[in-house]
1. If I model a spin label at Ser116 and Val29 as a point 7 Å from the Cα along the Cα→Cβ vector, what separation in nanometres do I get?
2. Hey, if you put +1 on the Cβ of every Lys and Arg and -1 on every Asp and Glu Cβ in the range 1-130, which of Tyr8, Val104, Gly68 ends up farthest toward the positive end of that dipole?
3. Is there a quick way to get the dipole size of the range 49-133? I mean about its Cα centre, with the Cβ of Lys and Arg at +1 and of Asp and Glu at -1; what is the value in debye to the nearest 20?
4. The range 1-68 to the range 84-133: how many Å between their Cα centroids?
5. Could you provide, to the nearest whole Å², the per residue accessible area of the chain with probe 1.4 Å?
6. With contacts defined as alpha carbon pairs under 8 Å and 6 or more residues apart, what's the relative contact order of the chain in percent?
7. Would you mind checking which residues have amide H under 5 Å from Ala84's amide H? H placed 1.01 Å from N; only 5 or more apart, or other chain.
8. Percent of accessible area on the chain owned by carbon and sulfur, 1.4 Å probe?
Amino acid sequence: MTNILVLYYSSYGHVRTLADAVAEGVRTVPGTSVDIRRIAETVPEDVRISAGFVEDDTPTASPADLAGYDGILFGTPTRFGLMAGQMKQFIDQAGGLWMRNALVGKVAGVFVSTGSQHGGHEATMLSTQIALQ
């Protein structure tokens, strides 16, 4: 059985919707199981509420969880052509796994969402993949 993690960060629910669609696609592959997890929010509660961030009851992941999957699909909103800071902070915390080669041989992919047609999604996909190499 191939185990896939769909891991995302979403402020307003758009990337969460994409994560659900990505997981639905993964489920169509025979011999594959999929888990959906989110990156924990780092924005203070009062800021989150005033900005209109949506509630999300999806379980959060820890960097240590990455070692237990054969492949990881990362979903992030675009922030000026880069991944969200929450996603970057999560990936930075996986340095210990990287040092132990616990991520070697794992397949990774990226999906993103932007607020406009030319919102930098291509750059976000490229810059996120750099951190995954």
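The values are calculated or read from the model by the stated rules, or taken from the named source; none is laboratory data. Given the structure is predicted, the values throughout are model-derived calculations rather than measurements. Every residue, glycine as well, gets a Cβ built from its backbone with ideal geometry; the counts of neighbours run over all protein chains shown. Remember, those area values only see protein heavy atoms, side chains included, never the ligands or the DNA or RNA. Shrake-Rupley method; radii C 1.70, N 1.55, O 1.52, S 1.80 Å.
1. 3.5 nm
2. Selected residue: Val104.
3. Numbers: 4 positive and 7 negative charges, 64 e Å.
Approximately 300 debye in magnitude.
4. 14 Å
5. Values: 7470 Å² over 133 residues.
On a per-residue basis, 56 Å².
6. On the way: 219 pairs, mean separation 37.2, N = 133.
That works out to 28 percent.
7. Hits under the 5 Å cutoff: Arg79.
8. Working: 4260 of 7470 Å².
The C+S portion of the solvent-accessible surface of the chain is 57 percent.
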